[in-house]
Amino acid sequence: MTSKKRVTALVPAYQAATFIHRTIDSLGQQTHGNFDVIISVDLCEDDTFAICQEYCARHANFRVERQNRRLGYVGNCNYLLEQADADYVLFAFHDDVLAPGYLEKCCKVLDDR
């Protein structure tokens, strides 16, 4: 039996090969322990999926899915929302770089309210 994650970061990606590594690296450096990352690579023609797949192979709390048809921005975001099962969910867009304590601070603020 697996326990529900505290936080899920959702990463919609499209044609992001030149910069997505910075985003997923910043997610991998989070100080908050109970989180996972779901990346959805919309149908694209660059190496975005390969980059994400390589990273996910090294990090158990990361997973990547490649769409076999173009969902578009809203469709890809909606797909990710359907996959999430956590107390808190956030979008970490494919060109966002988060400070290492970002998830920890967000959880504290939300918990305190």
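The values are calculated or read from the model by the stated rules, or taken from the named source; none is laboratory data. In this text, all values refer to a predicted model and were calculated from it rather than measured experimentally. Note that each Cβ is placed from the backbone with ideal geometry, even for glycine, and that neighbours are counted across all protein chains shown. Side chains are part of the model used for accessible areas, which takes the heavy atoms of the whole protein and leaves out ligands, DNA and RNA. Shrake-Rupley method; radii C 1.70, N 1.55, O 1.52, S 1.80 Å.
Of note:
- Subset of segment 49-92 that is out of contact with any strand residue (DSSP E or B) (no Cβ under 6 Å at 6 or more places or on another chain) and among the small types (G, A, S) - its residue that is nearest to E104 (Cα to Cα): A60
- So A57, is it over 13 Å from the mean Cα position of the chain (by Cα), closer than 25 Å to T18 by Cβ and open to solvent by 80 Å² or more (accessible area, probe 1.4 Å): yes
- Any hit, segment 62-82, residues being of a type in the set (K, R), exposed (fewer than 15 other Cβ atoms within 10 Å of the Cβ), part of a loop (DSSP other than H, G, I, E, B) and out of contact with any Lys or Arg (no Cβ under 8 Å at 6 or more places or on another chain): yes
- Subset tally (residues that are among the charged types (D, E, K, R) and closer than 11 Å to V11 by Cβ) for segment 45-103: 4
- Residue tally, condition under 30 Å from K108 (Cβ atoms) and in contact (Cβ under 8 Å) with a residue 40 or more places away in the chain, over segment 1-24: 15
- Filtered residues of segment 15-34 (kept if touching a Ser or Thr at 6+ places or on another chain (Cβ under 7 Å) and surrounded by fewer than 20 Cβ atoms within 10 Å (Cβ to Cβ)): Q15, A17
- All positions within segment 35-45 that are among the acidic types (D, E) and open to solvent by 10 Å² or more (accessible area, probe 1.4 Å): D36, E45
- Within segment 84-98, the set of residues being farther than 20 Å from I51 by Cβ and open to solvent by less than 60 Å² (accessible area, probe 1.4 Å) comprises A84, A86, Y88, L90.
- Yes/no for I51 being modelled with pLDDT of 95 or more, surrounded by 15 or more Cβ atoms within 10 Å (Cβ to Cβ), over 13 Å from the mean Cα position of the chain (by Cα) and not hydroxyl-bearing (S, T, Y): yes
- In segment 1-41, the residues that are among the basic types (K, R) and either at pLDDT 95 or above or over 12 Å from L103 (Cα atoms) (or both): K4, K5, R22
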